[in-house]
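The structure under discussion appears below in the form of structure tokens.
The values are calculated or read from the model by the stated rules, or taken from the named source; none is laboratory data. What you see is a predicted model; the values in this text were computed from it and never measured. Heads up, the Cβs are rebuilt from the backbone with ideal geometry, glycines too, and the neighbour counts pull from every protein chain shown.
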There are 4 protein chains.
Amino acid sequence: MTSVTVWNEYRHEREDDDVAAVYPDGIHAAIADCLSSDFEVRTATLEEPEHGLAEEVLASTDVLTWWGHLAHDAVADEVVDRVQEHVLEGMGLIVLHSGHFSKIFKRLMGTTCNLQWREDDRTERLWIVDPGHPIVEGLDECIELPETEMYGEPFDVPEPDRLVFTSWFEGGEVFRSGCCYRRGNGRIFYFRPGHETIPIYENEDVQQVLTNAVRWASPTDGSPRTFGNRP
Amino acid sequence: MTSVTVWNEYRHEREDDDVAAVYPDGIHAAIADCLSSDFEVRTATLEEPEHGLAEEVLASTDVLTWWGHLAHDAVADEVVDRVQEHVLEGMGLIVLHSGHFSKIFKRLMGTTCNLQWREDDRTERLWIVDPGHPIVEGLDECIELPETEMYGEPFDVPEPDRLVFTSWFEGGEVFRSGCCYRRGNGRIFYFRPGHETIPIYENEDVQQVLTNAVRWASPTDGSPRTFGNRP
Amino acid sequence: MTSVTVWNEYRHEREDDDVAAVYPDGIHAAIADCLSSDFEVRTATLEEPEHGLAEEVLASTDVLTWWGHLAHDAVADEVVDRVQEHVLEGMGLIVLHSGHFSKIFKRLMGTTCNLQWREDDRTERLWIVDPGHPIVEGLDECIELPETEMYGEPFDVPEPDRLVFTSWFEGGEVFRSGCCYRRGNGRIFYFRPGHETIPIYENEDVQQVLTNAVRWASPTDGSPRTFGNRP
Amino acid sequence: MTSVTVWNEYRHEREDDDVAAVYPDGIHAAIADCLSSDFEVRTATLEEPEHGLAEEVLASTDVLTWWGHLAHDAVADEVVDRVQEHVLEGMGLIVLHSGHFSKIFKRLMGTTCNLQWREDDRTERLWIVDPGHPIVEGLDECIELPETEMYGEPFDVPEPDRLVFTSWFEGGEVFRSGCCYRRGNGRIFYFRPGHETIPIYENEDVQQVLTNAVRWASPTDGSPRTFGNRP
């Protein structure tokens, strides 16, 4: 059974009553809940030793999901190194919302991962631009979210291997909100929705995307990655 | 000096008074006018012998622009073959608006090139998602067009080599409105704006894009394309 | 269970004793044999009515494999249209060896699909350049074929979405011999090995690739492909 | 006039007589010499303050070339940060040979950039797989180098935006030896040839590639890269 580790910074929920009201047990609990009917799910958070991402945890993780916002810099470089190694060896990585600015995403992309944004609370529609992609299985032609933060272009990431969603914002902007990458043997999916004060992870379409994305990002056996001196 | 041939179906303008009012000399005249200060420009239209695209015309063309809508099927397959050959050998091709359904674009893409659309007359914003691309030189962060027809996703084309513009439509849709491809040695740019009853080609930003796109699509010398039996 | 249709031109084997000695029941029989332990397999050949590819056959095919060489032009355009439509709707397509010059592959690529070649009978090594790809599952770092025809660059195809194999030829050439594409909802894999007088399809590694490729190219449900006027 | 900074680690040449015999003034001098007829060229080396890459140097550099081998770790992270920033803002970067393991290349790729290798001294042929690319202008169908070190696949880099060269090695391997990337506004070209004990940079074809690559990697003006809160 596919093994998922749901990582969360878990600060907003403990420091801000508005967030705690939406996610009383933390965003990780909401995501884990959504994935637990299909996968074997663990959670890990910043304050745990090694941020809950010790070698043995990663070694037994097929797909890691990542949510962070306030404390990207508090993540130890050593742990970022370790996560990167596991991704390159095949572990899937799903980066959510403000995780675009996490050390691990910037490390794997090689760019600033910067963007434009606005606290907005107006409608977002995530249009499917690649209806043949396994990540959109079971969805209609778009996902509508009545209240969201706005993220706008330019989004400073490498051209995605495959663009799956593009967002329309009522306020007048667009954003490449579902982007697929491969780095080494690992599959990486960036998915925009997920603000801390809006219960995005209770939306059924968003839950469907998360489930599909875990399946898509699960490792393939592949062939040997042999490097070095070849006699 | 870069040599451009501006091709136009030229039917709307002769059959419909509303279109004639906007483009009295044809859409090709408006486009040629915009490009003639930087390039050597000729025009060609459907009703001319060989649609104005005889071998000697194409052989001396660096970049061909294409506008068609009502009469895609009236373009002879033999001429489509010839244009395709020249593109593969290095001639640039700029496909405009409803040209997405032209035989030559479908031929080069290998897909239906279908999309969603609506006569709409509301605002479109073309956001630049690739600010480092030569096609956007001199532009601000987006192009705003107050009244346009809507084109929406899914757009059935191969994943672009490079996505340059994504459109936001007031009515709620998005569209990949500036797409770069290479086929053989030829550079291809699809650019969405250009409805027949709206004077899109008088917009300065649109004119800037057309000029930049011709420069970008101009042939490179490259190295030999040698095929066949290799002794 | 995944349903595979194995298409073969089936001319060499009936006209040339050397080929008949290698493939007495036709190349399609050898390929079908290799795939039949994992999939539901049918065969179809050029001489059958509609080349064995009637609408009801394609409608119940998940993945189509294609081998042709002498008689590409004998394939009716109407059947090519039909295969293209099914690919764009999601049917997988695996194009083998000299099938690079088939009407259906050229149609989907939009290029000449030309290359360099030599009857050579020396060694080919297919190196895996993408060890994380599902198509190479279970293979070692390269596939060695002791005697093959040479195919050399340039190979006039669009840049692959994903390059999986690159061939080394003893005679001094290289070739992109395993190329993945998506067109519409359909997955397309071009795989170079497969000459008619060499029993390539009895090679276990080649059989492994064919099996993996069928799995990879099988359709995904995805989301609706809705086109046209959007009120 | 395009301004080029040629960076070299400059250790081999001072520590090893065999290398000094080939490159008495350093590899940087040989590269600078080759580029100086077409561009404004400076050099910079590891032992200079800030490795010769102070802010004002980078701010006036259009394209930076990078050669390193023994002392990748001696490059200060702060300088790597600065080079990365300039690349993302548009400065071109040409990474040569063993520079695949430099901090700056690994930073921009997000992968290990590992590969297989062998001291070999047999023939390499760099085949052009993209004859329409500006980097191959003026070349024949391949570049032959009589004696080289071997680099083999897998090469742990992201799928190139554009693959230009693929190498054939007499010993039996292949390698993607000319790879184009864009990161932010910057163009990056990795080019394999360039061993320290073989006078590769005196080869006229290699010199042609370097000259073409500098032209290709030169910055484009583009449009604004505006990030952050958008009111």
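Name the residue, out of D:226, D:220, D:211, that is farther than 28 Å from residue C:167 by Cα, in contact with a Phe, Trp or Tyr (Cβ under 9 Å, 6 or more places away or on another chain) and among the hydroxyl-bearing types (Ser, Thr, Tyr).
Answer to the check: D:211.
Kindly list the number of the only condition in (1) aliphatic (A, V, I, L, M); (2) in contact with a helix residue (DSSP H, G or I) (Cβ under 9 Å, 6 or more places away or on another chain); (3) within 14 Å of chain B (Cβ to nearest Cβ) that fails for residue D:80.
Residue D:80 satisfies all of (1) aliphatic (A, V, I, L, M); (2) in contact with a helix residue (DSSP H, G or I) (Cβ under 9 Å, 6 or more places away or on another chain); (3) within 14 Å of chain B (Cβ to nearest Cβ) except (3).
Here is a yes/no grid of residues against (1) at positive phi; (2) buried (at least 23 other Cβ atoms within 10 Å of the Cβ):
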residue	(1), (2)
A:143	no, yes
A:159	no, no
A:165	no, yes
A:178	no, yes
A:184	yes, yes
A:187	no, yes
A:198	no, no
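Filtering region C:83-124 down to residues that are more than 14 Å from chain A (Cβ to nearest Cβ) and of a type in the set (Gly, Ala, Ser), which residue is surrounded by the fewest Cβ atoms within 10 Å (Cβ to Cβ)?
Step by step, filter region C:83-124, then rank; the result is C:98.
Kindly check whether there is at least one residue in region C:108-125 that is within 24 Å of residue C:45 (Cβ to Cβ) and among the basic types (Lys, Arg).
No, because not a single residue in region C:108-125 is within 24 Å of residue C:45 (Cβ to Cβ) and among the basic types (Lys, Arg).
Residue C:174 passes all but one of (1) of a type in the set (Val, Ile, Thr); (2) within 16 Å of the chain's Cα centre (by Cα); (3) over 26 Å from residue C:10 (Cα atoms); which number fails?
Of everything listed in (1) of a type in the set (Val, Ile, Thr); (2) within 16 Å of the chain's Cα centre (by Cα); (3) over 26 Å from residue C:10 (Cα atoms), residue C:174 misses just condition (2).
I'm trying to understand the selection: among the residues of region A:125-171, which are more than 14 Å from chain C (Cβ to nearest Cβ) and within 18 Å of the chain's Cα centre (by Cα)?
Correct list: A:145, A:148, A:149, A:150, A:151, A:152, A:155, A:156, A:157, A:158, A:167.
Tell me, yes or no, whether region C:72-80 has at least one residue that is in a strand (DSSP E or B) and closer than 22 Å to residue C:15 by Cα.
Filtering region C:72-80 down to residues in a strand (DSSP E or B) leaves none.
Checked region C:72-80: no residue is in a strand (DSSP E or B) and closer than 22 Å to residue C:15 by Cα.
When only residues in region C:172-190 that are away from chain A (no Cβ under 14 Å) and in contact with a helix residue (DSSP H, G or I) (Cβ under 7 Å, 6 or more places away or on another chain) count, which is farthest from residue A:132 (Cα to Cα)?
The qualifying residue farthest from residue A:132 (Cα to Cα) is C:190.
Take residue A:115 and tell me if it is among the hydrophobic types (A, V, I, L, M, F, W, C) and either at pLDDT below 95 or in contact with a helix residue (DSSP H, G or I) (Cβ under 7 Å, 6 or more places away or on another chain) (or both). Lay out the reasoning, then the answer.
On the way: among the hydrophobic types (A, V, I, L, M, F, W, C): yes; either at pLDDT below 95 or in contact with a helix residue (DSSP H, G or I) (Cβ under 7 Å, 6 or more places away or on another chain) (or both): yes.
Yes, satisfied.
Condition first: among the aromatic types (Phe, Trp, Tyr), part of a strand (DSSP E or B) and under 30 Å from residue B:80 (Cα atoms). Now tell me which residues in region B:96-143 satisfy that.
Within region B:96-143, just B:117 meets the criteria.
Would you mind telling me which numbered condition in (1) touching a His at 6+ places or on another chain (Cβ under 6 Å); (2) part of a strand (DSSP E or B) residue A:65 fails?
(1)
How many residues are within 15 Å of the chain's Cα centre (by Cα) and not in a loop (DSSP other than H, G, I, E, B) if we restrict to region C:1-16?
Matching residues across region C:1-16 total 5.
Filter region C:210-224 for residues that are at pLDDT 95 or above and within 11 Å of another protein chain (Cβ to nearest Cβ); which is farthest from the chain's Cα centre (by Cα)?
My answer is C:219.
Does region D:17-44 hold any residues that are among the acidic types (Asp, Glu), assigned to a loop (DSSP other than H, G, I, E, B) and without any contact (Cβ under 8 Å) to a residue 40 or more places away in the chain, and which are they?
First pass over region D:17-44, keeping only residues among the acidic types (Asp, Glu): D:17-18, D:25, D:33, D:38, D:40.
When the remaining residues are screened for being assigned to a loop (DSSP other than H, G, I, E, B), the result is D:25, D:38.
Selection gives D:25 alone.
Is there a residue being modelled with pLDDT of 95 or more, polar (S, T, N, Q) and crowded, with 24+ Cβ neighbours inside 10 Å anywhere in region B:64-72?
yes
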